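Student: One structure is given below, represented as structure tokens, and several questions about it will come after.
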């Protein structure tokens with residue numbers, strides 16, 4: 001599994017910033033996910049989807065007021081894919097994103113008590129997250145997933161660099177100094193080196209979102225999941241973020257983002273449209289990201 | 001890592017942190033100070049009473065353990081027993097063969113010295129003033145060996161009892177009440193009608209009101225004459241090398257001689273019970289203060305949790321588990337408890353020393369020129385341990401509440 005992670009597509013992109021930082025990890029005991037969780041029985045290694053969801057149901061609320069948000073979604077995200085999920089409000093796209101990232105869990109029983117059969121299954125890099133305990137799932141999020149949200153969600157008591165370093169410190173592969181160095185390198189990549197020591201709440205909205213993206217990249221995640229990453233930004237900053245995503249996608253980073261922005265959605269090589277809790281269409285476009293964005 | 005986040009939260013919300021710590025400091029300080037005050041009073045009373053009265057006293061009567069005659073004959077528990085015209089024998093109460101008993105006692109391990117005593121009630125008269133007094137007839141050398149009364153003389157000398165005919169040493173309280181001074185002559189009248197003209201050869205001041213206002217020491221022979229108890233010894237006072245062992249040694253002596261033998265704890269049981277109740281009340285009051293401080297911590301931590309739901313959500317999104325979130329808030333409680341305890345200990349020490357120096361005259365069961373403060377390491381340790389446990393318990397609820405937040409609900413804007 002570590003080998004898979006090492007082979008992760010973002011290796012090339014991260015080479016320059018991570019080489020120095022992660023080269024020292026051999027000295028530390030790397031905390032990895034337990035392989036005791038059941039593994040997706042399909043493919044293995046490079047060919048295995050990075051995320052796979054089967055018959056995913058999600059109810060929100062309880063009893064008579066419960067809303068059936070996801071109605072048995074099947075989806076598979078391959079390595080290096082650059083995916084956008086679109087759909088009207090309430091179609092279940094954000095709910096699906098949170099479930100794919102292990103931030104939420106699928107519903108096991110319908111509000112009237114019937115067990116959903118077959119049970120909803122979500123695999124991250126081959127590991128069945130529906131069988132994981134809270135701590136194991138948290139570790140999976142830490143190691144495999146990078147989240148970016150609409151409302152930046154930085155810890156305002158911490159500096160930009162500390163915000164970026166926190167996931168690395170949680171993972172425990174780097175010493176604090178090394179994690180901070182790598183955090184500054186990531187910020188530098190997004191033009192925020194001079195803001196590294198500034199408190200998060202003293203950054204502009206666009207800067208905060210770029211810090212959030214840097215934080216999402218901190219542990220070289222297998223996939224970045226973004227929920228309306230430009231939804232709270234002006235046009236200029238939204239374009240910057242879109243360019244960052246394009247750049248990461250071109251570098252081989254697996255990215256899945258939910259958006260209402262048609263222009264942003266069109267940048268992805270694969271577009272999934274959701275309607276009423278189900279996938280209505282799933283279109284993969286030929287051509288490179290740069291070609292697509294040029295055409296746009 | 002969790003400690004890093006928790007510490008940052010505490011440091012960036014310094015005002016809230018200091019309020020929490022202040023609550024803990026006050027409760028720790030009050031706990032130690034009040035306990036020190038109570039303990040000081042208790043220690044003074046016990047030490048002075050025990051040291052001036054002896055560790056063990058053998059009385060001239062058997063302990064009432066044997067059952068009554070009728071109960072021995074009819075041992076039916078439900079029977080109603082009545083004996084008419086019962087009259088106890090008219091016998092002189094005394095300790096038989098006191099010399100032999102003294103020799104036996106002095107050979108016992110743990111016994112430092114023993115003094116024979118005769119005591120009884122008398123009235124002291126000076127001019128038109130009279131005052132009731134417990135007369136203790138003793139041998140001055142032995143009495144000063146078993147008690148500290150010789151060291152408590154503020155005027156005259158205890159040894160003058162040996163050289164002055166019918167000399168008496170009285171307490172400071174008696175002297176003040178009667179208005180007598182050293183070398184004044186007084187009249188003593190016993191309950192059996194004996195009258196003795198005596199001279200005041202010493203005045204003692206133990207600081208314990210019942211002793212200073214209730215006792216007078218005379219030579220054994222003079223007291224026997226006054227009380228009409230020629231050659232009678234009705235008490236033996238014993239000093240041990242460790243007063244904490246007094247009860248154990250007393251029970252051994254009682255087993256040998258058959259006379260009721262009381263250690264100082266049994267002799268002062270009523271006072272000790274009152275002190276125990278006072279101590280419990282002190283614990284309750286100061287414990288309540290700690291609980292109030294803990295509620296302050298609870299309240300502020302809950303506010304902190306509610307203010308940081310977004311932080312909790314984002315921490316969870318990049319890998320922090322419920323356990324991690326719990327640890328972050330428990331650690332904050334722990335830091336508040338530790339810093340509060342340390343500052344509380346320092347404040348308590350300063351308060352104790354400050355109160356000790358206050359010139360407040362005490363005149364009650366115990367007399368002193370200032371507040372009696374007694375420090376025990378156990379009070380300091382107990383205060384720290386109690387406040388840490390209470391504050392940690394108070395931190396559990398906000399910590400668990402923080403851990404339970406569903407990050408998705410927070411991100412959706414439900415909180």
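The values are calculated or read from the model by the stated rules, or taken from the named source; none is laboratory data. Just so we're clear, the structure is a prediction, and the values are computed from it rather than from any experiment. Positions of Cβ are backbone-derived with ideal geometry, glycine not excepted, and every protein chain shown enters the neighbour counts.
Student: Which one is surrounded by the fewest Cβ atoms within 10 Å (Cβ to Cβ) among residues in segment A:106-134 that are more than 9 Å from chain B (Cβ to nearest Cβ) and assigned to a helix (DSSP H, G or I)?
Tutor: Result: A:131.
Student: Consider residue A:287 against the criteria (1) away from chain B (no Cβ under 14 Å); (2) at pLDDT 90 or above; (3) not in a helix (DSSP H, G or I): it satisfies all of them except one. Which criterion is unmet?
Tutor: Status for residue A:287: all satisfied but (2).
Student: Let me ask another. Quick one: which helices (runs of 4 or more DSSP H) lie wholly within segment B:300-415 and hold at least 2 residues that are more than 14 Å from every other protein chain (Cβ to nearest Cβ) and under 30 Å from residue A:150 (Cα atoms)? Walk me through how you get there before you give the answer.
Tutor: Numbers: elements: B:309-317, B:322-357, B:377-404, B:407-412.
Here the list reads B:377-404.
Student: If you don't mind, another one. Going through segment B:330-348 one residue at a time, which ones are more than 20 Å from residue B:298 (Cα to Cα) and touching a residue at least 12 places away in the same chain (Cβ under 8 Å)?
Tutor: B:345, B:347, B:348
Student: Working only within segment A:147-171, note down all residues that are in a helix (DSSP H, G or I) and touching a strand residue (DSSP E or B) at 6+ places or on another chain (Cβ under 6 Å). Even if it seems obvious, please write down each step before you answer.
Tutor: Pass one, segment A:147-171, residues in a helix (DSSP H, G or I): A:160-171.
None; the set is empty.
Student: What are the pairs, 6+ residues apart or on separate chains, where a residue within segment B:96-115 that is on the phi > 0 side of the Ramachandran plot has its Cβ under 7 Å from a residue that is surrounded by 20 or more Cβ atoms within 10 Å (Cβ to Cβ)?
Tutor: B:110/B:240; B:110/B:249
Student: Name the residues in segment A:73-99 that are part of a strand (DSSP E or B), surrounded by 16 or more Cβ atoms within 10 Å (Cβ to Cβ) and either more than 18 Å from the chain's Cα centre (by Cα) or touching a residue at least 40 places away in the same chain (Cβ under 8 Å) (or both), would you?
Tutor: Just the residues of segment A:73-99 that are part of a strand (DSSP E or B), to begin with: A:73-77, A:82-87.
Now drop any that are not surrounded by 16 or more Cβ atoms within 10 Å (Cβ to Cβ), which leaves A:73, A:75-77, A:82-87.
Of everything in segment A:73-99, those that are part of a strand (DSSP E or B), surrounded by 16 or more Cβ atoms within 10 Å (Cβ to Cβ) and either more than 18 Å from the chain's Cα centre (by Cα) or touching a residue at least 40 places away in the same chain (Cβ under 8 Å) (or both) turn out to be A:73, A:75, A:77, A:82, A:83, A:84, A:85, A:86, A:87.
Student: For segment B:250-273, state whether one or more residues are more than 14 Å from chain A (Cβ to nearest Cβ) and at positive phi. Let's see the steps before the verdict.
Tutor: Step one: of segment B:250-273, the residues more than 14 Å from chain A (Cβ to nearest Cβ) are B:250-273.
Then drop every residue that is not at positive phi, which leaves B:258.
The answer is yes; a qualifying residue exists.
Student: For segment B:113-144, what are the residues that are in a helix (DSSP H, G or I), farther than 18 Å from residue B:211 by Cβ and touching a strand residue (DSSP E or B) at 6+ places or on another chain (Cβ under 7 Å)? Spell out how you get there, then give the answer.
Tutor: Residues of segment B:113-144 that are in a helix (DSSP H, G or I), as a first pass: B:140-144.
Okay, now just the ones that are also farther than 18 Å from residue B:211 by Cβ, so B:141-142.
Result: B:142, single match.
Student: Exactly one condition in (1) at pLDDT below 95; (2) buried (at least 16 other Cβ atoms within 10 Å of the Cβ); (3) under 43 Å from the mean Cα position of the chain (by Cα) is false for residue B:276; which is it?
Tutor: (2) is the only condition that residue B:276 fails.
Student: Have a look at B:7, B:104 and point out the one that is away from chain A (no Cβ under 14 Å), more than 29 Å from the chain's Cα centre (by Cα) and assigned to a helix (DSSP H, G or I). Spell out the reasoning first.
Tutor: On the way: B:7 fails: away from chain A (no Cβ under 14 Å).
Being away from chain A (no Cβ under 14 Å), more than 29 Å from the chain's Cα centre (by Cα) and assigned to a helix (DSSP H, G or I) holds for just one of B:7, B:104, which is B:104.
Student: Go over the candidates A:103, A:186, A:174 one by one and state the one that is crowded, with 20+ Cβ neighbours inside 10 Å, at pLDDT below 95 and touching a strand residue (DSSP E or B) at 6+ places or on another chain (Cβ under 9 Å).
Tutor: Details: A:186 fails: touching a strand residue (DSSP E or B) at 6+ places or on another chain (Cβ under 9 Å); A:174 fails: touching a strand residue (DSSP E or B) at 6+ places or on another chain (Cβ under 9 Å).
Criteria check complete, one pass: A:103.
Student: Checking residue A:238 against (1) over 15 Å from the mean Cα position of the chain (by Cα); (2) outside any helix (DSSP H, G or I); (3) surrounded by fewer than 24 Cβ atoms within 10 Å (Cβ to Cβ): exactly one of these is not met. Which one?
Tutor: Exception for residue A:238: condition (2).
Student: How many of the residues making up segment A:172-191 are farther than 15 Å from residue A:214 by Cβ, within 12 Å of chain B (Cβ to nearest Cβ) and not in a loop (DSSP other than H, G, I, E, B)?
Tutor: 1
Student: Does segment B:17-32 contain any residue that is more than 30 Å from residue B:232 (Cβ to Cβ), at pLDDT 90 or above and within 14 Å of chain A (Cβ to nearest Cβ)? Can you show your working first?
Tutor: Initially, segment B:17-32 is screened for residues more than 30 Å from residue B:232 (Cβ to Cβ), giving B:17-32.
If we keep only those that are at pLDDT 90 or above as well, we get B:17-32.
From what is left, the residues that are within 14 Å of chain A (Cβ to nearest Cβ) are B:17.
Looking for residues that are more than 30 Å from residue B:232 (Cβ to Cβ), at pLDDT 90 or above and within 14 Å of chain A (Cβ to nearest Cβ), one finds at least one in segment B:17-32, hence yes.
Student: Of the conditions (1) farther than 22 Å from residue B:3 by Cβ; (2) without any contact (Cβ under 8 Å) to a residue 40 or more places away in the chain; (3) more than 9 Å from chain B (Cβ to nearest Cβ), residue A:137 satisfies every one except a single condition; which number is it?
Tutor: Looking at each condition in turn, residue A:137 falls short on (3).
Student: Residue B:217: surrounded by fewer than 20 Cβ atoms within 10 Å (Cβ to Cβ) and either within 21 Å of residue B:45 (Cβ to Cβ) or at pLDDT below 95 (or both), yes or no?
Tutor: On the way: surrounded by fewer than 20 Cβ atoms within 10 Å (Cβ to Cβ): no; either within 21 Å of residue B:45 (Cβ to Cβ) or at pLDDT below 95 (or both): yes.
In short, no.
Student: Let me ask something additional. In segment A:197-215, how many are modelled with pLDDT under 90 and within 12 Å of chain B (Cβ to nearest Cβ)?
Tutor: The number of residues fulfilling the criteria is 1.
Student: To continue, here is another question. So residue A:141 clears everything in (1) closer than 18 Å to residue B:408 by Cβ; (2) in a strand (DSSP E or B) except one condition, right? Which one?
Tutor: With respect to (1) closer than 18 Å to residue B:408 by Cβ; (2) in a strand (DSSP E or B), residue A:141 is out only on (2).
Student: Hey, which of the strands (runs of 3 or more DSSP E) in segment B:164-229, taking only ones fully inside, have at least 1 residues that are farther than 13 Å from residue B:125 by Cα and either in contact (Cβ under 8 Å) with a residue 24 or more places away in the chain or within 31 Å of the chain's Cα centre (by Cα) (or both)? Let's see the steps before the verdict.
Tutor: Numbers: elements: B:167-171, B:185-190, B:195-204, B:215-219.
Passing ranges, in order: B:167-171, B:195-204, B:215-219.
Student: Could you list, in sequence order, the residues of segment A:144-171 that are more than 7 Å from chain B (Cβ to nearest Cβ), within 16 Å of residue B:6 (Cα to Cα) and without any contact (Cβ under 8 Å) to a residue 40 or more places away in the chain?
Tutor: A:162
Student: Using the structure shown, decide if residue B:317 is within 30 Å of residue A:219 (Cα to Cα) and either modelled with pLDDT under 90 or buried (at least 18 other Cβ atoms within 10 Å of the Cβ) (or both). Can you show your working first?
Tutor: Working: within 30 Å of residue A:219 (Cα to Cα): yes; either modelled with pLDDT under 90 or buried (at least 18 other Cβ atoms within 10 Å of the Cβ) (or both): yes.
When the stated conditions are applied, residue B:317 passes them.
Yes/no per residue for (1) buried (at least 18 other Cβ atoms within 10 Å of the Cβ); (2) in contact with a strand residue (DSSP E or B) (Cβ under 6 Å, 6 or more places away or on another chain); (3) closer than 16 Å to residue B:30 by Cα:
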residue: B:356; (1), (2), (3): no, no, yes
residue: B:359; (1), (2), (3): no, no, no
residue: B:379; (1), (2), (3): yes, no, yes
residue: B:388; (1), (2), (3): yes, no, yes
residue: B:405; (1), (2), (3): yes, no, no
